[in-house]
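Student: Can you keep this structure in mind? I'll have questions shortly.
Every read-out reported here was derived from the displayed coordinates using simple, explicitly stated rules and does not represent laboratory data. All of these numbers come straight from a predicted model, not from anything done at the bench. All Cβ positions, glycine included, derive from the backbone under ideal geometry; neighbour counts span all protein chains shown.
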Amino acid sequence: MRKISPRQLRRMQARMLGNVGLNLKELGTAEEVVIRLQDKELVLRNPSVVEMKIEGESIYQIIGGEPEERTPKVVEERTYEPSQEDVALVAVQAGVSEDEARGALVEAGGDLAKAILLLKSRKA
């Protein structure tokens, strides 16, 4: 049996995979890959990444890397509380009650003009 060089082997492999509709492409080494799960994060440092394309769909394969597990940081969301002056202004400009104006301000994230436009579009 004759010896096949690695280069020839890769070409043969690419030709065979191409015949079955599979396109394999090595993307290289990534600095890090982060996989976020509900309760933790998996971080892989310096893994090799390969992309496989089958009928227009891409599959990414991550090979190797130094694994690290971490718990995600919980970021508290602050809810916007509009001032009484802003509520009164939006209520007067849009011709609605203060409760509706307050709700629109919260929805618009404190943007007065956006809240007024939102309320006026709902009335129309």
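Student: So what J values fall out for region 36-44 if you push phi through Karplus, 6.51 cos²θ - 1.76 cosθ + 1.60 with θ = phi - 60°, rounded to Hz, Gly and Pro as x?
Tutor: My calculation for region 36-44 gives 9, 9, 5, 10, 7, 10, 9, 10, 10 Hz in order.
Student: Still on this structure: When a/c reaches 1.5 or more, the comparison of a/b and b/c decides; with that in mind, is region 54-124 rounded, prolate or oblate per its Cα gyration tensor?
Tutor: Judged from the Cα gyration tensor, region 54-124 comes out oblate (a/c at least 1.5, b/c at or above a/b).
Student: Pop the C-beta distance of VAL50 and SER5 into the FRET formula with R0 = 22 Å and round what comes out to the nearest 0.05.
Tutor: Result of the calculation: an efficiency of 0.55.
Student: What does the helix-only formula give at 222 nm for the chain: each DSSP H stretch with n ≥ 4 adding -39500 (n - 2.57), the total divided by the residues, and the result rounded to the nearest 500 deg cm²/dmol?
Tutor: Numbers: 4 runs with 47 residues, N = 124.
Per the formula, -11500 deg cm²/dmol.
Student: Shifting gears a bit: What area, in nm² and to one decimal, does the C-alpha convex hull of the chain cast on average over all directions?
Tutor: Across all orientations, the chain yields a mean hull projection of 14.9 nm².
Student: With springs connecting C-alpha atoms under 10 Å apart, model the chain as a Gaussian network and identify which of GLN61, GLN84, GLN38 has the largest mean-square fluctuation.
Tutor: GLN84
Student: Build a GNM of the chain with springs between Cα atoms under 10 Å: which of LEU44, LEU89, LEU27 gets the top mean-square fluctuation?
Tutor: Taking springs between Cα atoms under 10 Å, the residue moving most is LEU89.
Student: Below 28 Å, Cα to Cα, which lysines can LYS123 reach? Residues fewer than 8 away in the same chain don't count.
Tutor: Candidates past the 8-residue exclusion: LYS114.
Student: While we're here: As I understand it, the value is the acute angle between the Cα axis of helix 84-94 and the longest principal axis of the Cα atoms of the chain; what does it come to in degrees, rounded to 10?
Tutor: 90
Student: For region 47-64, in order, what is each residue's ³J(HN,Hα) by Karplus, 6.51 cos²θ - 1.76 cosθ + 1.60 with θ = phi - 60°, in whole Hz (x at glycine and Pro)?
Tutor: Along region 47-64, the couplings run x, 7, 10, 10, 10, 10, 10, 10, 6, x, 9, 9, 10, 9, 10, 10, 10, x Hz.
Student: Over the Cα atoms of region 6-70, how large are the radius of gyration and the largest Cα-Cα distance (Dmax), in Å?
Tutor: Spelled out, the Cα radius of gyration and Dmax of region 6-70 are 14.8, 46 Å.
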